[in-house]
Amino acid sequence: MKKSAGIAAALVLAAGLTVYATVPLGFARGGQDHKKEGYQDTPLIPGQKWKVHDSERPVPAVVTPGEHYGAPPSDAVVLFDGKDLSKWKGPKGEAHWKVADGYVEETKGGDLQTIDSWGDFQLHIEWASPAEVKGGSQGRGNSGVFLHGRYEIQVLDSYENPTYADGQASAIYGQWPPLVNAARKPGEWQTYDIVFHAAHFKDGQVEKLATVTVFHNGILTQEKKEILGPTQHRQAPKESAYDGKGPIRLQDHGNPTRFRNIWIRPIKGYDGE
Ligand code: MG
């Protein structure tokens, strides 16, 4: 940061601690008052069309973070706010899962999926497996978050619940176990933060597989991992061409898993492109 262009703002906290933050002049929130700080006599950044500190480079859009961890930021599409399922549908049309006390509960009669579709996105979703433990292995708190309705990020009560590795919570089911088991206890709310990039196809052939990054309860469990194809049970996955967009689908696996605070942000390119 160019120091001469900054002003120092001092925030005196109640504890007597002084924190200094520098705010560059000409970069008002919102970016509309951007005064083209920067340079035009600098070299190109290798591999980019922009110069180093390029004054013509678009200023990133301002997004206001949520008030607390997990709260939707200002540009998120809120899919479920704890009250209504108007953005969702079931196999027969209507969204049939039970809504109560700020959550929606997995209900028999099929999966629940969004009406809309997305390409690349960031997804936040919170879930809780049943507080009363019933069953074991894959029969205990099983649900799932299907990306594009095709690829399952497993939801399972993985707290002291032995099961196969690629079927644990936050596994890319049947393909990749999570890096670590970050499960909370049954009945406790847990979070997934998921970054998904869709597969690319050319002439009906796979050009690039989809990738996914997952944070389970804030802990990295999948890191830009290639997804080998639509989720299978006891079979090898194989990717096949589609239009590269799809819904979020929540699995009905017969266990009353709960979900809340679901939001999504389509991922846009750098420099507004
Ligand atoms: Mg599942």
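No value in this document is a laboratory result; all are computed from the given coordinates. Predicted model, so just to flag it, every value in this text is computed and none were measured. Cβ coordinates were reconstructed from backbone atoms using ideal geometry, including for glycine residues, and neighbour counts include every protein chain displayed.
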Handout entry: Protection-proxy order for peptides 128-137, 35-44, 243-252, each taking the mean of Cβ atoms within 10 Å per residue, highest first
Key = 243-252, 128-137, 35-44
Exercise for the section: Compute the Kirkwood hydrodynamic radius of region 75-170, taking the inverse of the mean of 1/r over all pairs of distinct Cα atoms, and give it in Å to one decimal. Expected result: 14.7 Å
Exercise for the section: Only Cα pairs under 8 Å and at least 6 apart count here; give the relative contact order of the chain as a rounded whole percent. Expected result: 21 percent
Handout entry: Coarse-grained scattering of the chain at q = 0.10, 0.13, 0.15, 0.16 Å⁻¹, given as base-10 log I(q)/I(0) from a Debye sum over alpha-carbon atoms
Key = -0.64, -0.94, -1.11, -1.20
Practice task
Please work out the Cα center distance from region 60-96 to region 199-273, rounded to the nearest Å.
Solution key: 18 Å
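Show me 228-234, 46-52 ranked by packing, highest mean number of other Cβ atoms within 10 Å first.
Numbers: 228-234: 15.1, 46-52: 10.9.
Sorting 228-234, 46-52 by mean packing, highest first, produces 228-234, 46-52.
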Practice task
Please express the Cα-Cα pair-distance distribution P(r) of region 80-231 as a list of whole percents, one per 10 Å bin, running from 0 to the bin with the greatest distance.
Solution key: 11, 39, 37, 12, 1, 0
Exercise for the section: Sort all Cα-Cα distances of region 162-201 into consecutive 10 angstrom bins from zero, then give the percent of pairs in each bin up to the one containing the longest distance. Expected result: 25, 47, 22, 5, 1
